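The block underneath contains the structure these notes are about, expressed in structure tokens.
The values are calculated or read from the model by the stated rules, or taken from the named source; none is laboratory data. Just so it is clear, the structure is predicted and the values come from calculations on it, not from any experiment. Here the Cβ positions follow ideal geometry from the backbone for every residue, glycine too, while neighbour counts run over all protein chains shown. Quick note on the areas: whole protein, heavy atoms, side chains included, nothing else; ligands and nucleic acids left out. Shrake-Rupley method; radii C 1.70, N 1.55, O 1.52, S 1.80 Å.
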Amino acid sequence: QVQLVESGGGLVQAGDSLGLSCAASGRAFNWYAFGMGWFRQAPGKEREFVAAISGSGARTSYADSVKGRFTISRDTAKNTVYLQMNSLKPADPAVHYCGAKFEGRTLQDSPDSYNYWGQGAQVTVSS
């Protein structure tokens, strides 16, 4: 019903910046109501919260580890959510997943709160 496709992953050096995009599509998708989030998962580790944004785009939240370096935003007209990652660190490499949830008013940091997921985008940071 709803499809999310991440793009923009790749290999970068420590200290560099990288932007991820999550394009949403599907006949039942309500862009104005859905909350969106970014999560990342490194090999052998649990899926970790990165950032979330409300349906309106007015409110955002970030994990402490990325606060001040990453920025989440959304473009309703383009059905796209973005994650701008600055000052990347060796601890940042992971598969990054875009998630969508039906309820868009609250900001949730649990993967269980999200109803749809993208296929993931690999981010590798070299030092």
When ligands, DNA and RNA are left out and all protein chains stay put, how many square angstrom of accessible area per residue does the chain have with a 1.4 Å probe?
50 Å²
Taking Cα pairs under 8 Å and at least six residues apart, what relative contact order does the chain come out at, in percent?
36 percent
Hand me the trypsin sites (Lys or Arg not before Pro) from region 37-94 located in a DSSP loop with no more than 14 other Cβ atoms within 10 Å, in residue order please.
Lys45, Arg59, Lys67
Taking 0.36 nm per residue of separation between Arg47 and Gln119 and subtracting their Cα-Cα distance, the length gained on full extension comes to 24.6 nm
Each label sits 7 Å from Cα toward the beta-carbon; between Ser17 and Glu103 the label points are separated, in nm, by 3.5 nm
Carbon-plus-sulfur fraction of the accessible area of the chain, 1.4 Å probe, in percent?
47 percent
So what's Rg/Rh here for region 41-127, counting alpha carbon atoms and using the Kirkwood radius for Rh?
0.94
State the percent of C-alpha pairs, over all pairs in region 1-85, separated by a distance greater than 15 angstrom.
61 percent
Between Asn86 and Ser127, what is the label-point separation in nm under the 7 Å Cα-to-beta-carbon projection?
2.2 nm
With all protein chains in place and a 1.4 Å probe, Ser87 shows an accessible area in Å² (nearest 10) of 60 Å²
